[in-house]
Every structure is written in C-alpha cells, then in structure tokens.
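S.K.: Would you mind keeping the following structure in view while I ask a few things?
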Amino acid sequence: MKLPVVVYPDKKLKLISKPVESFNADLHTFLDNMYETMMQSNGIGLAAIQVAKAERIMLLCIPDEEGEQNKDDLLEIINPKISNEQGTIVYQEGCLSVPSFYEDIERYESLTLDFQDRHGKKISIQAEGLLSVAIQHEIDHLDGKLFIERLPYGRRKKFEKEYKKLLKQKKNPASD
Ligand SMILES: [Zn+2]
C-alpha cells in the first residue's frame with residue numbers, strides 16, 4: 001500500500017525519530033508499504049518520518065549503472081549508526097519531502113554503517129559515493145533535519161522564496 005508522503009514545511013519532518021524495539025509483523029508490513037511508496041514516488045531512499053512514523057527506519061535502493069533500481073539492492077535499515085566518516089563529496093540531492101528542488105550538498109565520501117535488518121539482526125557495511133550520501137541524507141531525516149538546512153544562508157533564502165511560490169502555484173494553478 002502506498003502511503004502519503006509528508007511534505008515540507010510540515011512540522012512532523014522536524015521530529016526526532018525513536019529507536020525500533022519490536023521486529024514484528026507490523027514492522028514488516030510497514031517496511032513493505034515504505035518500499036511501495038518509495039518506488040511509486042521514484043525515490044532512491046525514504047525515511048519513516050516521511051510517511052509520518054517517527055521511528056528510526058529507512059530504505060535505500062541505489063540504481064545500478066543502467067539507472068535501474070533492483071529489489072536485490074534494497075537496504076532496509078533500522079536503528080542506523082554511522083562511524084569512521086572520511087573525505088568529502090558534493091552531490092546534487094533531492095528529496096520526496098521537498099518536491100522539485102535539487103541542490104549541491106557536501107557530505108562525507110565514505111563511512112561505516114551499523115544497523116539492524118527487519119529481523120533485528122545486526123549488520124555492518126562500508127559505504128562510499130552515492131550510497132554514503134544517501135545514508136547521511138536519510139539519517140538526517142531521523143534526526144529531524146532536511147538537506148535544505150545544510151545550504152549556505154543565501155541559497156537557503158533563495159530556496160524559501162522559490163518554494164513558497166511553487167506551493168502557491170500548486171494550490172491555485174489557474175493564477176499562474
Ligand atoms: Zn529526503
């Protein structure tokens with residue numbers, strides 16, 4: 001089932017998500033719904049708070065060289081923790097909760113990610129490049145932070161102005 005995506009400036013996006021304690025059937029259903037929501041929205045990542053659940057859950061499905069997303073590459077990441085951050089990378093990021101905006105953001109180039117899978121099993125992976133960027137973007141969501149908050153002051157101001165205009169157009173398309 002596709003879930004509604006929470007969109008900025010909804011205040012829910014500022015909530016700090018809580019750790020998951022029960023790895024039960026409800027969690028599995030929720031993960032499946034998150035997957036459908038992410039794929040149908042053409043996203044490569046989704047945090048639970050983006051579908052209004054303040055729990056430390058996120059999905060990532062990074063496209064292959066042909067730009068295709070394969071379910072084999074799906075990562076269901078619960079209670080994530082990053083360490084060993086190294087280097088810097090600038091990547092043009094977008095977000096399902098901030099539709100139609102893409103901005104260059106600087107992140108760590110590589111890191112170690114420790115997390116639990118849907119059964120509570122502990123897993124550790126090394127990530128670099130786009131995967132590293134996407135992990136940091138989604139963990140920001142779990143901490144109530146959006147990528148636009150990482151923009152320098154001037155670009156943030158410009159974003160707020162353009163975004164407000166866009167929201168107005170969406171509400172009242174005839175006035176454009
Ligand atoms: Zn996002």
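The values are calculated or read from the model by the stated rules, or taken from the named source; none is laboratory data. Here the structure is a predicted model, which means the values were calculated and not measured. Here the Cβ is made from the backbone with ideal geometry for all residues, glycine too, and neighbour counts use every protein chain on show. The protein model used for the area step is the full one, side chains on, heavy atoms only, and it has no ligands, DNA or RNA in it. Shrake-Rupley method; radii C 1.70, N 1.55, O 1.52, S 1.80 Å.
S.K.: Hey, in the GNM for the chain with a 10 angstrom Cα cutoff, which one of 47, 134, 25 fluctuates hardest?
M.R.: Among 47, 134, 25, the largest GNM mean-square fluctuation belongs to 25.
S.K.: When the accessible area of region 28-88 is computed with all protein chains present and a 1.4 Å probe, what percentage of it is carbon and sulfur?
M.R.: 39 percent
S.K.: Another question, if that's okay. Sorted by accessible area with a 1.4 angstrom probe, largest first, how do 97, 124 fall? Display every interim value, and only then the final one.
M.R.: Working: 97 0, 124 75 Å².
So, going from the largest accessible area down, we get 124, 97.
S.K.: Work out, in µm²/s and without decimals, the Stokes-Einstein translational diffusion coefficient of region 6-86 at 25 °C, 0.890 mPa s, Rh from Kirkwood over C-alpha pairs.
M.R.: The estimated diffusion coefficient comes to 179 µm²/s.
S.K.: Roll a 1.4 Å probe over the protein heavy atoms and report the accessible area of residue 106 in Å², nearest 10.
M.R.: Rounded to the nearest 10, that gives 120 Å².
S.K.: What whole-number value in cubic angstrom gives the convex hull volume per residue for the C-alpha atoms of the chain?
M.R.: Each residue corresponds to 128 Å³ of Cα convex hull volume.
S.K.: Okay, next question. Which entries of 81/171; 18/171; 14/164; 11/122 have Cα-Cα distances beyond 29 Å here?
M.R.: Numbers: 81/171 39 Å; 18/171 33 Å; 14/164 18 Å; 11/122 32 Å.
From the list (81/171; 18/171; 14/164; 11/122), the Cα-Cα distance tops 29 Å for 81/171; 18/171; 11/122.
S.K.: Mind jotting down the distance between the C-alpha centroids of region 1-37 and region 75-153, whole Å?
M.R.: So the two Cα centres are separated by 16 Å.
S.K.: What's the local net charge at residue 61, with K and R +1, D and E -1, over the other residues with C-beta under 9 Å away? Mind showing how you got there, number by number?
M.R.: Working: positive: 71; negative: 73.
Taking every other residue near residue 61 into account, the sum is 0.
S.K.: Can you list residues whose amide H is under 5 Å from residue 52's amide H, if they're 5+ apart or on another chain and H is modeled 1.01 Å from N?
M.R.: Close amide H contacts, sequence-distant or interchain: 6.
S.K.: For helix 129-142, what angle does its Cα long axis make with the longest principal axis of the chain, in degrees from 0 to 90 and rounded to 10?
M.R.: 80 degrees
S.K.: A further question on this structure: I want the local charge near residue 151. Using Cβ-Cβ distances under 15 Å, sum +1 for each Lys or Arg and -1 for each Asp or Glu among the other residues.
M.R.: Here the charged neighbours net out to 0.
S.K.: If the chain between residue 125 and residue 74 were fully stretched, how many nm would it gain, using 0.36 nm times the residue separation less the Cα-Cα distance? Show your work: numbers first, answer last.
M.R.: On the way: separation 51, 0.36 × 51 = 18.36 nm, distance 1.35 nm.
Value of the extension gain: 17.0 nm.
S.K.: On the full set of protein chains, 1.4 Å probe, figure out the accessible area of residue 15 and give it in Å² to the nearest 10.
M.R.: The accessible area comes out at roughly 80 Å².
S.K.: Quick check for you: with a 1.4 Å probe and neighbouring chains kept, what is the accessible area per residue of the chain, in Å²?
M.R.: Working: 10010 Å² over 176 residues.
Counting only protein heavy atoms, the per-residue value for the chain is 57 Å².
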